[in-house]
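First comes the structure, then the notes that go with it.
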Amino acid sequence: MDITRFKSKGFFIPGLISLVLLILLATLPLSLGGYTVVLVTTILMYAILTVSWVLFSGPSGYMSLASAAFFGVGIYIGALLLPNTGQVLPLLVVVVLGGLASSIVALGVGALTLRLRGIYFAIFTFGLVVLILEVLNWWEHTVSHIRGRFVMVVDNETIFYVMLAIFVATMLTFFFLRRSKFGLALQSIGQNEEAAAHSGVNVTMVKVLTFALSAFFVGAAGVVWATRLTYIDPYIAFNFFLSFLPVLMAIFGGIGQIYGPVVGAAIFAYLQETLQTEFPEVYMLTFGIVLVVVILYLPNGIVGLIPKLWRRISGGQHANT
Amino acid sequence: MPESIVTILDIAIGGLLLGGIYALIAMGLSLQYGVARVLNIAHGEFIMIGAFSTFTLYTVLGINPLVCLAIVGPIIFIIGFLLHQTLFTRLRIAAPNPGAYEASSLLAAFGLLFVIQNLALLGWGADFRAYSYLNFGVNIWGAIFSANKLVILGFAVGIGVAFYLFLIRTRLGKAIRSAAQDPQTASLMGVNINRVLSICFGFGALMAGIAGVLISMRVPLNPAMGLQYTLIAIIVIVLGGLGSIPGSFIGGFILGIIGEVVTHFEPSLSLAAYYFIFMLLLLVRPKGIFGK
């Protein structure tokens with residue numbers, strides 16, 4: 001790896017800011033506690049889902065709607081291996097196992113379907129969510145006769161720290177992948193798949209591996225989320241809404257910048273937590289309106305708005321940025 | 001007649017009845033996706049609007065549901081037309097390439113789903129609603145079907161055939177077919193492409209609305225009912241071949257019969273069976289059965 005890159009000032013200052021933010025986040029339970037910790041955990045969960053989505057779909061241009069499937073696999077692994085009585089495995093081991101299970105599903109799906117182009121891939125991955133949900137539902141009803149499963153209760157601070165660790169791992173992976181040769185190969189696939197293949201990029205391998213990598217974090221977050229839900233059934237675990245939310249949050253925040261998806265996820269998670277319980281219809285209605293407005297007027301997201309505003313304020317002197 | 005033949009007849013006719021609705025819904029989505037390139041995930045919401053409007057018109061004003069077809073249909077056509085003129089045309093012009101348009105219009109349609117569904121929730125509430133209309137049995141070769149199912153099948157087939165003739169025989173139909181093949185060339189040949197695509201989108205919404213009026217005669221209504229029909233429509237248009245109107249018409253009946261067969265053996269697995277067939281099809285023959 002090229003060390004000189006890390007010395008450049010383009011790396012140092014954002015790195016320092018991230019570190020300070022991370023320390024602030026890590027000490028959050030000590031300073032605020034209670035509800036704030038729960039809220040920030042939710043934000044982190046959405047940020048993991050969104051950044052994982054951008055990790056694969058951003059550069060490659062393949063719109064994946066499989067997030068809910070990977071998340072659901074994680075939740076189910078969590079429920080199966082961390083039952084509320086007779087739990088054997090420690091939480092962290094199950095988190096890794098849940099991530100691996102999601103990755104394996106992604107490997108299988110990716111190997112089968114990544115030759116599908118454009119909208120077919122989106123439809124297929126969405127179908128995957130419904131298929132797993134329906135089969136699992138049938139299994140629970142007719143074979144295992146279990147309506148729902150109770151999950152081990154974990155205190156909010158532990159949930160928070162595990163979620164934070166997964167979030168940091170996701171961000172670091174995202175950051176270094178974008179700068180690696182591998183990430184470059186993925187980007188070239190997004191721009192022109194044939195040209196990438198002719199330049200010696202192993203197109204299928206790069207796509208499938210990145211898809212599996214992005215699924216890992218979603219699955220791991222699913223395990224942690226299961227301990228927060230404490231009760232799950234197939235419909236709770238495989239909520240197809242969660243396939244679209246990361247896409248919306250990413251587009252809302254802007255996928256051009258590394259912090260765009262995180263900003264988008266934070267705003268939406270906050271709105272959801274505060275509005276959904278009291279005015280569910282109004283929340284969903286606003287959600288729809290914002291989605292349409294963002295797609296119409298803000299193709300680069302709110303993060304893309306900042307340089308635009310800056311240019312307007314500074315009177316066009318920085319037109320080259 | 002032997003018992004097994006009655007069962008087979010039962011499944012076959014039941015499948016055709018189910019297939020009629022599927023065909024109508026899928027033809028609408030086929031116009032919206034196959035021609036106008038909008039994978040309208042809010043398609044089912046137009047069904048829901050059609051169904052709820054009929055419910056209100058019938059229970060409050062006492063208007064016959066079959067008359068509602070003539071009231072609800074044109075209104076939903078205008079809504080669809082205007083939506084495409086304002087929202088989707090704008091997105092189409094702004095998109096750098098067709099792929100980007102497909103992605104942005106899918107997301108915009110997803111936004112619409114939430115807007116329409118939650119407006120309906122605020123307006124009609126989350127309870128299931130139902131009314132009774134033409135709810136008596138008709139005997140067909142020993143198997144008994146309710147009359148409203150037969151009316152639904154009749155209308156679905158009638159509308160399907162009428163629309164096919166419209167596409168083949170009229171000038172506007174020709175413009176729609178040319179837009180489906182190549183929008184750019186069609187506009188060079190003097191077709192007002194924005195208007196034709198909006199008309200297609202409007203027709204798609206119209207078919208969903210009519211399907212909604214028909215569905216309301218026999219299933220309980222709920223603001224969240226739309227999505228399941230959208231998912232079925234997506235499966236059917238892939239099954240029949242994207243952009244092929246006759247393909248989605250026949251595909252609807254095929255899926256209806258498959259659904260009835262699976263329901264006969266294991267009712268809770270019918271949706272899973274649809275998706276299994278769908279995913280298999282995407283892998284083996286993504287062009288669909290009638291695709292070019």
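A short reminder: the numbers here are calculations on the coordinates, not readings from a lab. It should be emphasised that the depicted structure is a prediction, and the values quoted were computed from it without experimental measurement. Don't worry about glycine lacking a Cβ; one is built from the backbone with ideal geometry, like all the others, and counts go over all protein chains shown.
Taking the Cα centre of chain B as origin and assigning +1 to Lys and Arg Cβ atoms and -1 to Asp and Glu Cβ atoms, the resulting dipole is close to 960 debye. Amide H contacts of B:Ser216 (H built 1.01 Å from N, in plane; Pro and chain starts excluded): no residue 5 or more places away or on another chain comes under 5 Å. Working note: Cα gyration tensor of region A:103-239, eigenvalues times five, square-rooted, sorted largest first, giving semi-axes of 33, 22, 9 Å. The 3J(HN,Hα) values that the Karplus relation (6.51, -1.76, 1.60; θ = phi - 60°) gives for region A:198-208 are, in residue order, 6, 7, x, 7, 6, 4, 4, 5, 4, 5, 5 Hz. Gly and Pro appear as x. Summarising the amide proton neighbourhood of B:Val138: residues at separation of 5 or more, or on other chains, whose placed amide H is nearer than 5 Å comprise B:Phe145, B:Ser146, B:Ala147. Simple point charges give the picture: +1 on the Cβ of Lys and Arg, -1 on the Cβ of Asp and Glu, and for the protein assembly as shown a dipole about the Cα centre of about 1920 debye.
For region B:220-227, backbone phi angles converted through the Karplus equation (6.51, -1.76, 1.60; θ = phi - 60°) give residue-by-residue couplings of x, 9, 7, x, 8, 6, x, 4 Hz, Gly and Pro being listed as x. A cut-off under 13 angstrom between Cβ atoms defines the neighbours of B:Gly14, and their net charge, with Lys, Arg +1 and Asp, Glu -1, is 0. Pop a pseudo-label 7 angstrom from the Cα along the beta-carbon direction at both B:Phe265 and B:Ile71 and give the gap in nm to one decimal. Computed distance between label sites B:Phe265 and B:Ile71 equals 4.5 nm. Modelled label positions at B:Arg195 and B:Ser4, each set 7 Å beyond Cα in the direction of Cβ, lie 6.0 nm from each other. Mean sequence separation of contacting Cα pairs (under 8 Å, at least six apart), scaled by the length of chain A, corresponds to a relative contact order of 29 percent.
Computed from the Cβ-Cβ distance with R0 of 25 Å, the FRET efficiency linking A:Phe176 to A:Leu39 stands at 0.30. PRE reach from B:Leu281 (point 7 Å along Cα→Cβ): which of region B:29-51 fall under 19 Å by backbone N? The answer is B:29-44, whose backbone nitrogens lie closer than 19 Å to the label point. Label sites at B:Ser132 and B:Ala94, each approximated as a point 7 angstrom past Cα along Cα to Cβ, lie 5.1 nm apart. Using amide H atoms built 1.01 Å from N in the peptide plane, name the residues 5+ places from B:Ile63, or on other chains, whose amide H lies under 5 Å from its own. HN-HN under 5 Å from B:Ile63: B:Tyr58. Starting from the Cα of A:Asn84, step 7 Å toward the Cβ, then list every residue of region A:15-48 with an amide N under 18 Å from that point. Flagged as within label range: none. Binning the alpha carbon pair distances of region A:58-148 at 5 angstrom intervals from zero yields the distribution 3, 12, 19, 21, 18, 13, 8, 4, 2, 0, expressed in whole percent. Over chain A, dividing the summed -39,500 (n - 2.57) contributions of all DSSP H runs of at least 4 residues by the number of residues returns a 222 nm mean residue ellipticity of -25500 deg cm²/dmol. Charge tally around B:Gly259: other residues with Cβ under 15 Å, Lys/Arg +1 each, Asp/Glu -1 each, net -3.
Ellipsoid semi-axes for the protein assembly as shown, based on the Cα gyration tensor and the rule √(5λ), read 43, 30, 23 Å when sorted largest first. Straight-line cross-link partners of A:Lys207 among the aspartates and glutamates, defined as a Cα under 14 Å from its Cα and at least 8 positions apart when in the same chain: A:Glu193, A:Glu194. Listed values for region B:42-58 are Karplus-derived 3J(HN,Hα) couplings in whole Hz (6.51 cos²θ - 1.76 cosθ + 1.60, θ = phi - 60°), namely 8, 3, x, 5, 5, 4, 4, 4, x, 5, 5, 4, 4, 4, 5, 4, 6, and x replaces Gly and Pro. FRET efficiency for A:Ala165 and A:Thr277, Cβ-Cβ distance as r, R0 = 30 Å, nearest 0.05? The formula returns an efficiency of 0.60 here. Volume of the convex hull of chain A (Cα atoms only), normalised per residue: 168 Å³. Averaging 1/r across all pairs of distinct Cα atoms in region A:12-166 and inverting the result yields a Kirkwood radius of 17.8 Å.
Dividing the Cα radius of gyration of chain B by its Kirkwood radius returns 0.97 for Rg/Rh.
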